[in-house]
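Asker: Structure provided below as structure tokens; questions to follow.
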Amino acid sequence: MIRTIKNSYHLIQALLANIKYGFPSRSLNVIGVTGTDGKTTTSHLIYHILKSAGKSVSITSSVYADIAGEISDTGLHVTTQSRWEIQKNLRKAAQKGCEYFVIETTSHGIDQFRVGWVKFAYSVLTNITKEHLDYHKTYENYLKTKVKLLSWAQKSRIVNKDALAFHDVAKILLAEKKPFVTYSLHDDANYVWSDKIKTTLSEDFNHENIMAAIACCREIGLTQSEILKGVRTFTLPKGRLDCVYDQDFKIFIDFAHTPNSIRKLLGELSKTKGRVIHVFGSAGLRDAEKRPDMGRASGEFADIVVITEEDYRTEKFQSIAGAIIKGLNEQGFTKAKTKIPEIKQYVLKERRQEAISFAVSIAKKHDVIVLTGKGHEQSLARGKKEYSWDEYRAVRKALILKQ
């Protein structure tokens, strides 16, 4: 009841923002990208392909906003901007002559009408797995919220046929008589992966993101050669599968913070001669239900796990870690009893810098250290305060200490 009242207020605010800025989305081809995982990479792929094809395009994502060539930060822990900020940016892009505008869109952004009254031309759904159940309460509510973005699209709806939720999504769209197109890496779909696609990205989950962008850009009307050129020259945005050290051992920084994304990421990176050392935590006051599954996902592929902070806010770190440990225990992990953990053991290091330094200190030749959960983010939430944080700087400091 309270949320319904709040969202009614948000809807009115969205309408007022549209009125103030003159319903600017009507002058643009707005592309909405949503999904549990892959939103950021897919958004930036579409943006890059359009830009490399000579199109005038703007974007707002969790990494940054580019409004008609003007780059800015989108804020701490922000993916979809406020309804006022979005409308202001849409108008600026329209006034500057942009033709396309890509919006990375979260379920919160949809439900709270941050994108209310935005006229979406195209919508892309990457996948849906259990997430944000603290807010949506049930997976069914979460799924229906995500599908709303597809329903709103005026020109084309693009759906991942390989996603576990595909049949549920298709059922809703068919019931609403909303036509859609599909993409796949291997199945019968409107757009299917082929050997003609050349990319520096080798992971299946990134190939899915590439297919989402290809499908969207083909629906827009770009030629195959324009699209393939964009895919070929694309590099991942900051904090996405970012190899920041590659000598005797490797260090990767990635924003993965869901069981699904951790499972896919570690599944790819575990194809190594050495050990996988996974450093991660889980955000406080956010979807506690997923924490054991995050532990399970890590335990499936990691050899050593270092549990640390990831914005614990007003929750106790030990409580968050305890839930993760339940999942690790199911995978046969035990707490390390010596300074140097053995295979299938975990350690707790509450301070993230200490955790990263510890992982680097125990790394051997051919090992892979994977730091997940923070990526590009510039702060750590402890209590009710945000503390400055830079994952990249933390790695540099850890490497200096190892020397």
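The values are calculated or read from the model by the stated rules, or taken from the named source; none is laboratory data. For clarity, every value in this text was computed on a predicted model and none was experimentally measured. Reconstructed Cβ throughout: ideal geometry from the backbone, glycine too, with neighbour counts over all protein chains shown.
Asker: Collect the residues in the stretch 285-316 that are of a type in the set (Asp, Glu) and assigned to a helix (DSSP H, G or I), keeping them in residue-number order.
Answerer: Result: GLU289, ASP293, GLU300.
Asker: Restricting the search to the stretch 54-65, which residues are in a loop (DSSP other than H, G, I, E, B) and either touching a Ser or Thr at 6+ places or on another chain (Cβ under 8 Å) or free of Cβ contacts under 8 Å to residues at least 40 places away in the same chain (or both)?
Answerer: GLY54, SER61, SER62, VAL63, TYR64, listed by residue number.
Asker: Kindly indicate whether GLU219 is out of contact with any Phe, Trp or Tyr (no Cβ under 8 Å at 6 or more places or on another chain) and of a type in the set (Asp, Glu).
Answerer: no
Asker: Test SER202 against the stated conditions and say whether it is closer than 25 Å to LYS271 by Cβ and either part of a helix (DSSP H, G or I) or of a type in the set (S, T, N, Q) (or both).
Answerer: Values: closer than 25 Å to LYS271 by Cβ: yes; either part of a helix (DSSP H, G or I) or of a type in the set (S, T, N, Q) (or both): yes.
Answer is yes for this residue.
Asker: Examine the stretch 342-359 for a residue that is within 17 Å of LYS250 (Cβ to Cβ) and either of a type outside the set (A, V, I, L, M, F, W, C) or touching a helix residue (DSSP H, G or I) at 6+ places or on another chain (Cβ under 7 Å) (or both), and state whether such a residue exists.
Answerer: Within the stretch 342-359, one or more residues are within 17 Å of LYS250 (Cβ to Cβ) and either of a type outside the set (A, V, I, L, M, F, W, C) or touching a helix residue (DSSP H, G or I) at 6+ places or on another chain (Cβ under 7 Å) (or both).
Asker: As an exercise: evaluate LEU228 against (1) over 20 Å from the mean Cα position of the chain (by Cα); (2) closer than 30 Å to ALA398 by Cα; (3) aliphatic (A, V, I, L, M) and give the number of the one condition it does not meet.
Answerer: (2)
Asker: Is there a residue being of a type in the set (Gly, Ala, Ser) and either part of a strand (DSSP E or B) or surrounded by 20 or more Cβ atoms within 10 Å (Cβ to Cβ) (or both) anywhere in the stretch 70-83?
Answerer: yes
Asker: Hey, among VAL147, VAL124, VAL63, which residue is within 15 Å of ASN29 (Cα to Cα) and of a type in the set (A, V, I, L, M)?
Answerer: Criteria check complete, one pass: VAL124.
Asker: Mind checking which residues of the stretch 387-403 are in contact (Cβ under 8 Å) with a residue 12 or more places away in the chain and either more than 24 Å from TYR312 (Cβ to Cβ) or of a type in the set (A, V, I, L, M) (or both)?
Answerer: ALA394, VAL395, ALA398, LEU399, LEU401, LYS402
Asker: Looking at (1) touching a Lys or Arg at 6+ places or on another chain (Cβ under 6 Å); (2) under 21 Å from LEU125 (Cα atoms); (3) modelled with pLDDT of 95 or more, which is the one condition that is false for TYR21?
Answerer: In the conditions (1) touching a Lys or Arg at 6+ places or on another chain (Cβ under 6 Å); (2) under 21 Å from LEU125 (Cα atoms); (3) modelled with pLDDT of 95 or more, TYR21 misses (2) alone.
Asker: On to the next question. So which of THR42, THR36 is assigned to a helix (DSSP H, G or I), touching a residue at least 40 places away in the same chain (Cβ under 8 Å) and closer than 20 Å to ARG157 by Cα?
Answerer: Exactly one residue qualifies, and that residue is THR42.
Asker: Here is a follow-up. State which residue is farthest from the chain's Cα centre (by Cα) when the search covers only the stretch 240-267 and only residues that are part of a helix (DSSP H, G or I) and surrounded by 18 or more Cβ atoms within 10 Å (Cβ to Cβ). Show your work before the answer.
Answerer: Filtering the stretch 240-267 for residues part of a helix (DSSP H, G or I) gives 259-267.
Okay, now just the ones that are also surrounded by 18 or more Cβ atoms within 10 Å (Cβ to Cβ), so 259-266.
Values: PRO259: 12, ASN260: 11, SER261: 8, ILE262: 11, ARG263: 14, LYS264: 13, LEU265: 12, LEU266: 15 Å.
Once the filter is applied, the top-ranked residue is LEU266.
Asker: Among the numbered criteria (1) outside any strand (DSSP E or B); (2) touching a residue at least 40 places away in the same chain (Cβ under 8 Å); (3) not β-branched (Val, Ile, Thr), which one does HIS278 miss?
Answerer: Just one mismatch for HIS278, condition (1).
Asker: Looking only at the stretch 214-239, count how many residues are touching a strand residue (DSSP E or B) at 6+ places or on another chain (Cβ under 8 Å) and in a helix (DSSP H, G or I).
Answerer: Matching residues across the stretch 214-239 total 6.
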